[in-house]
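In what follows, a structure is listed as structure tokens, so that the remarks can point back to it.
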Amino acid sequence: MELELAGAELKSVLNRLRRAQGQLAGVIRMIEEGRDCEEVVTQLAAASRALDRAGFAIIATGLQQCLTDMEDGGRSAEDRDEMRARLEKLFLSLA
């Protein structure tokens, strides 16, 4: 399954991933500095949400592309079922 992200979608996903990357760097720094546990966990939760949102955006884009392919008749019924099962598995891995 290939995923093609358009300009705006790609920018949004990359921004979320960069935000999560910065938050993870912050968590590491906070732990190294011996910061308060509550502050560390709060920052870690924010990083986790950013990663989840990026994952959901990628899956939503994949679903949209699959629907477009199905409307265009680009896939057989078996291909559609397999793709649906794969996307469902990906979605559940984030849930």
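Worth a mention:
- Charge-dipole axis of segment 6-57 as Lys and Arg at +1 and Asp and Glu at -1 on Cβ define it, positive-most pick from Gly7, Gln21, Leu44: Gly7
- R0 of 35 Å, Cβ-Cβ distance Glu38-Ser12: FRET efficiency to nearest 0.05: 0.70
None of the figures in this text is laboratory data; all of them are computed from the coordinates on show. Every value quoted in this text rests on a predicted model; they were computed, and no experiment measured them. Quick reminder, even Gly has a Cβ in these numbers, built from the backbone with ideal geometry, and neighbours come from all protein chains shown.
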